[in-house]
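**Q** I am attaching a structure below and will ask some questions about it afterwards.
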Amino acid sequence: MDSIDQRIISCLVTNARSSFADIGKDVGLSAPAVKRRVDKLLDTGVLRGFTAVVDPAQLGWGTEALVEVHCRGNVTPHDIKARLEPMPEVMAAYTVSGAADAVVHLRAASIHHLETALERLRAVEIIDRTVSTVVLSRLLDRPQAP
């Protein structure tokens, strides 16, 4: 990957709907050359795809919480992920250092919905306890860095 690839990635992060011709103008290449480079970036996994960015609050899922998950015994990250994946309210999950085994980002339509999701999370057999923090406002939400 060279500086032109980095500039192409930057263009795509700014506007994934940019045409290869528009990107080519920015980076000094023809549209076919940009397409070849984008295809290579996709093939090598540098680019994982293109997607629409949706505001969950606009779809009615504006209630959020960050939840520390404390597991029973020695549980692998794979086991934690396998138990969390079926829950549609789980937006992200991270293994962390410190007292908790993981931190989970939950999103729900209401406080009642969040409470129900937390109850289902606590019922997972590998989870001993949780510590929840409800998000009051989103101060900063950066897109992925190019």
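**Q** Can you tell me which condition ASP55 does not meet? The list is (1) under 29 Å from ARG17 (Cα atoms); (2) touching a Ser or Thr at 6+ places or on another chain (Cβ under 8 Å), and all the others hold.
**A** (2)
**Q** Has the stretch 126-139 got any residue that is among the β-branched types (Val, Ile, Thr), closer than 18 Å to ASP55 by Cα and part of a loop (DSSP other than H, G, I, E, B)?
**A** yes
**Q** Look at THR133 and say whether it is surrounded by fewer than 14 Cβ atoms within 10 Å (Cβ to Cβ), within 30 Å of SER18 (Cβ to Cβ) and hydroxyl-bearing (Ser, Thr, Tyr).
**A** When the stated conditions are applied, THR133 does not pass them.
**Q** Oh, and also: Write out, first by first residue and then by second, each pair whose Cβ atoms fall under 7 Å of each other, whose residues are 6+ apart or on separate chains, and whose first residue, in the stretch 78-94, is without any contact (Cβ under 8 Å) to a residue 12 or more places away in the chain while the second is surrounded by 12 or more Cβ atoms within 10 Å (Cβ to Cβ).
**A** TYR94/ALA102; TYR94/VAL103
**Q** Kindly evaluate ARG120 against the criterion of being touching a helix residue (DSSP H, G or I) at 6+ places or on another chain (Cβ under 9 Å), at pLDDT 95 or above and not in a loop (DSSP other than H, G, I, E, B).
**A** no
**Q** Only one of HIS112, HIS78, HIS70 is of a type outside the set (A, V, I, L, M, F, W, C), open to solvent by less than 20 Å² (accessible area, probe 1.4 Å) and over 30 Å from ALA16 (Cβ atoms); which?
**A** After ruling out the rest, the residue left standing is HIS70.
**Q** Can you confirm whether the stretch 58-67 contains a residue that is touching a strand residue (DSSP E or B) at 6+ places or on another chain (Cβ under 7 Å) and over 16 Å from VAL134 (Cα atoms)?
**A** no
**Q** Test ALA123 against the stated conditions and say whether it is farther than 30 Å from ILE8 by Cα, open to solvent by 40 Å² or more (accessible area, probe 1.4 Å), hydrophobic (A, V, I, L, M, F, W, C) and in contact with a Phe, Trp or Tyr (Cβ under 8 Å, 6 or more places away or on another chain).
**A** No; evaluated as a whole, the condition is false for this residue.
The values are calculated or read from the model by the stated rules, or taken from the named source; none is laboratory data. Bear in mind the structure is a predicted one, so any value in this text is a computation, not a measurement. Cβ sites come from the backbone with ideal geometry, for glycine too, and all protein chains shown count toward neighbours. For the accessible areas, the whole protein counts, side chains as well, though only heavy atoms, and no ligand, DNA or RNA atoms are used. Shrake-Rupley method; radii C 1.70, N 1.55, O 1.52, S 1.80 Å.
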